[in-house]
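Asks: Handing you a structure now.
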Ligand code: GLA
């Protein structure tokens with residue numbers, strides 16, 4: 001991560017005052033894909049790519065937001081902030097402000113500088129990192145502390161209601177509540193969670209297929225609609241099925257003939273993915289890395305074949321990893337249709353693994369992938 005002191009210096013240079021500094025991380029999901037909006041289970045970890053936010057009060061009634069990454073500033077009167085999105089990077093911080101204002105927090109005149117190194121469009125939750133960093137900074141400026149799960153819910157509302165992306169709670173939750181050296185098994189129904197230590201000798205190798213991912217894209221939206229269609233058909237038979245979290249493989253066998261074939265496949269992925277995710281957390285907690293790796297592999301096949309949420313490049317990246325020394329498990333991570341694979345790798349092999357995977361992928365696809373050896377990191381926090 002870039003030196004936060006640099007962001008502070010830039011902020012001070014532009015706004016002539018000292019700032020409070022905050023950070024909120026991106027994430028990688030080890031297992032549990034497209035289960036969050038079905039009120040199921042996910043097991044992400046925060047990573048050491050993050051959005052940093054520098055914030056200071058102003059005396060001129062303005063809210064001024066500067067994005068270092070785009071070298072661009074926007075400014076609005078604090079008492080007349082935009083109420084609708086503009087299709088611009090500022091939608092993310094402004095969406096958070098709109099939700100906080102709706103909750104009764106008066107947004108004071110402020111200067112906010114944002115800088116991030118979560119790769120954009122790579123399925124590592126750059127948008128959640130911006131939202132959670134903004135919310136943490138504003139609440140810090142206001143001197144208000146709210147519990148991490150509640151912070152995540154507010155940021156999810158910014159994404160759903162203001163930005164207009166119909167995603168679930170996973171990304172905002174882990175960005176707000178991650179813990180260094182741990183993965184987090186989250187029950188997306190009640191937001192209870194359990195931390196599972198990632199063993200000292202295991203590395204998170206994140207390999208970018210370089211195929212752009214977007215939760216605002218048609219693929220994510222269509223899949224979510226298919227999942228919800230399957231759920232509605234099952235609920236007609238068993239009203240206690242409110243979300244696919246409540247459905248079983250037996251339900252799919254009993255009523256599957258009524259569900260359109262694609263929706264049935266998506267539902268089979270979600271129902272079995274919930275089981276795999278809970279089992280994977282158990283394996284990680286027991287130190288059964290072989291079991292964890294096998295579940296990750298099964299999860300990728302289900303994501304690719306039943307959910308059809310992968311892409312040729314991601315399938316290739318996962319396949320090319322299989323016989324490399326040190327691999328524990330590999331799968332496509334995040335919302336799908338591109339983005340990154342997560343490879344759990346024995347630490348001693350991580351550098352050689354990354355080099356070999358890069359070379360194999362380049363030869364197979366002609367694409368030069370970005371590969372990062374990451375650590376599970378802390379969730380949102382104040383730096384100074
Ligand atoms: C994106 C969304 C999440 C989740 C994943 C798929 O990251 O933002 O809410 O649905 O896709 O697991």
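Asks: Any idea which of (1) more than 14 Å from the ligand (Cβ to nearest atom); (2) assigned to a strand (DSSP E or B); (3) touching a residue at least 60 places away in the same chain (Cβ under 8 Å) is the one residue 193 doesn't satisfy?
Replies: It is condition (3) that residue 193 fails.
Asks: Return the pair list, or none, for Cβ contacts closer than 9 Å from residues in segment 138-166 that are under 23 Å from residue 222 (Cα atoms) and assigned to a helix (DSSP H, G or I) to residues that are within 16 Å of the ligand (Cβ to nearest atom) and modelled with pLDDT under 95, at least 6 apart or on different chains.
Replies: Cβ pairs passing all conditions: 159/165; 159/166; 159/215; 160/166; 163/216.
Asks: With the structure loaded, tell me whether residue 232 is farther than 28 Å from residue 329 by Cα and either within 16 Å of the ligand (Cβ to nearest atom) or modelled with pLDDT under 95 (or both) or whether it fails that test.
Replies: Details: farther than 28 Å from residue 329 by Cα: yes; either within 16 Å of the ligand (Cβ to nearest atom) or modelled with pLDDT under 95 (or both): no.
No.
Asks: Do you know which residues across segment 320-337 are in a loop (DSSP other than H, G, I, E, B) and buried (at least 24 other Cβ atoms within 10 Å of the Cβ)?
Replies: 333, 334, 335, 336, listed by residue number.
Asks: Can you name every residue in segment 37-57 that is surrounded by fewer than 24 Cβ atoms within 10 Å (Cβ to Cβ) and near the ligand (Cβ under 10 Å from one of its atoms)?
Replies: Once the filter is applied, which keeps residues that are surrounded by fewer than 24 Cβ atoms within 10 Å (Cβ to Cβ) and near the ligand (Cβ under 10 Å from one of its atoms), segment 37-57 yields only 37.
Asks: If I filter segment 7-25 for residues that are within 16 Å of the ligand (Cβ to nearest atom), buried (at least 24 other Cβ atoms within 10 Å of the Cβ) and more than 15 Å from the chain's Cα centre (by Cα), do I get at least one hit?
Replies: No.
Asks: Can you confirm whether residue 168 is under 20 Å from residue 41 (Cα atoms), in contact with a helix residue (DSSP H, G or I) (Cβ under 9 Å, 6 or more places away or on another chain) and away from the ligand (no atom under 16 Å from the Cβ)?
Replies: Numbers: under 20 Å from residue 41 (Cα atoms): yes; in contact with a helix residue (DSSP H, G or I) (Cβ under 9 Å, 6 or more places away or on another chain): yes; away from the ligand (no atom under 16 Å from the Cβ): no.
So residue 168 fails the test.
Asks: Within segment 62-74, does at least one residue satisfy the condition of being buried (at least 17 other Cβ atoms within 10 Å of the Cβ) and in contact (Cβ under 8 Å) with a residue 60 or more places away in the chain?
Replies: Yes, segment 62-74 has at least one match.
Asks: Kindly evaluate residue 121 against the criterion of being under 30 Å from residue 272 (Cβ atoms) and either assigned to a loop (DSSP other than H, G, I, E, B) or at pLDDT below 95 (or both).
Replies: yes
Asks: If you don't mind, another one. Going through segment 280-312 one residue at a time, which ones are in contact (Cβ under 8 Å) with a residue 60 or more places away in the chain, under 24 Å from residue 229 (Cβ atoms) and not in a loop (DSSP other than H, G, I, E, B)?
Replies: 299, 303
Asks: Could you please find all residues in segment 3-40 being in contact (Cβ under 8 Å) with a residue 12 or more places away in the chain, out of contact with any strand residue (DSSP E or B) (no Cβ under 7 Å at 6 or more places or on another chain) and assigned to a loop (DSSP other than H, G, I, E, B)?
Replies: 33, 34, 39, 40, listed by residue number.
Asks: Kindly list the number of the only condition in (1) assigned to a helix (DSSP H, G or I); (2) in contact with a strand residue (DSSP E or B) (Cβ under 9 Å, 6 or more places away or on another chain); (3) surrounded by fewer than 17 Cβ atoms within 10 Å (Cβ to Cβ) that fails for residue 101.
Replies: Just one mismatch for residue 101, condition (2).
Asks: Something else: Kindly indicate whether residue 113 is out of contact with any strand residue (DSSP E or B) (no Cβ under 8 Å at 6 or more places or on another chain) and touching a residue at least 40 places away in the same chain (Cβ under 8 Å).
Replies: Details: out of contact with any strand residue (DSSP E or B) (no Cβ under 8 Å at 6 or more places or on another chain): no; touching a residue at least 40 places away in the same chain (Cβ under 8 Å): yes.
So residue 113 fails the test.
Asks: Additional query: Does residue 330 satisfy being more than 16 Å from the ligand (Cβ to nearest atom) and within 19 Å of the chain's Cα centre (by Cα)?
Replies: Spelling it out, residue 330 is indeed more than 16 Å from the ligand (Cβ to nearest atom) and within 19 Å of the chain's Cα centre (by Cα).
The values are calculated or read from the model by the stated rules, or taken from the named source; none is laboratory data. Given the structure is predicted, the values throughout are model-derived calculations rather than measurements. Quick reminder, even Gly has a Cβ in these numbers, built from the backbone with ideal geometry, and neighbours come from all protein chains shown.
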